[in-house]
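Data first, discussion second: the structure below is written as structure tokens.
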Amino acid sequence: MNDPEDLKIISRYLSKNHVLALCAHADGDIWSATCFYVTDIERMCLYFMTELKTRHGSLMQRNPHVVGTVAKQPKTVALIQGIQYSGSATILEGEEDAAARARYCKQFPVAIAMKAPVWALRLDEIKMTDNTLGFGKKVFWQRET
């Protein structure tokens with residue numbers, strides 16, 4: 001069972017940041033990318049935009065399972081915070097697309113002109129390191145099935 005306090009820490013961190021790194025793979029090919037995102041804590045999803053013609057977009061179409069990180073770059077070990085995650089990335093359609101696109105464009109107005117699809121990264125498992133809570137402190141969250 002997930003600890004509600006861990007979820008608060010993770011949710012706050014995801015909401016305060018906006019760049020994720022992901023790694024996609026399919027058919028023996030693997031590629032990483034960074035993308036701007038907005039957080040939907042209620043659904044434990046991150047919404048991002050990327051074209052289907054990108055290498056990572058093409059891979060995610062064939063295999064939605066991705067892994068990645070959300071991390072800052074502090075100069076001091078005591079300030080290290082970061083998330084490692086696994087989840088699945090899917091292209092949104094219809095009302096879900098419209099709602100996520102509006103949320104994304106509100107955060108990143110330049111995206112209004114983009115025609116790229118909006119993806120939902122459904123987070124399934126998160127491990128967060130937060131040295132601001134104590135050196136090597138880890139918090140965890142996993143989607144309950």
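Working value for the chain: equivalent-ellipsoid semi-axes of 26, 17, 15 Å, each the square root of 5 times a Cα gyration tensor eigenvalue, largest first. The accessible-area ordering, largest first, of the residues CYS23, CYS35 stands as CYS23, CYS35, per a 1.4 angstrom probe. Relative to the Cα centre, the charge distribution of the chain, modelled as +1 at Lys and Arg Cβ and -1 at Asp and Glu Cβ, gives a dipole magnitude of about 560 debye.
Put VAL70, VAL19, VAL110 in order of accessible area, highest first, and with a 1.4 Å probe you get VAL110, VAL19, VAL70. Mind running the shape call on region 69-123? Use the C-alpha gyration tensor, a ≥ b ≥ c as the square roots of the eigenvalues: rounded below 1.5 for a/c, prolate if a/b tops b/c, oblate otherwise. Since a/c reaches 1.5 but b/c is at least a/b, the shape of region 69-123 is classed as oblate. Note on region 20-145: with neighbouring protein chains present and a 1.4 Å probe, carbon and sulfur make up 55 percent of its accessible heavy-atom surface. For region 92-143 versus region 36-50, the inter-centroid distance based on Cα atoms is 2 Å. Length available on full extension from GLN61 to THR90: 0.36 nm per residue minus the Cα-Cα distance, which gives 9.7 nm. With all protein chains kept in place, the per residue accessible area of the chain amounts to 59 square angstrom at a probe of 1.4 angstrom. When PHE108, PHE48, PHE140, PHE135 are compared by accessible area at a 1.4 angstrom probe, the order from most to least is PHE135, PHE140, PHE108, PHE48.
HIS18 exposes around 80 Å² of accessible area when a 1.4 Å probe is run over every protein chain in place.
The values are calculated or read from the model by the stated rules, or taken from the named source; none is laboratory data. None of the values given here were measured: they were computed from a predicted structure. We place every Cβ from the backbone using ideal geometry, glycine too, and count neighbours over all the protein chains shown. SASA here: full protein model, heavy atoms, side chains in, ligands and nucleic acids out. Shrake-Rupley method; radii C 1.70, N 1.55, O 1.52, S 1.80 Å.
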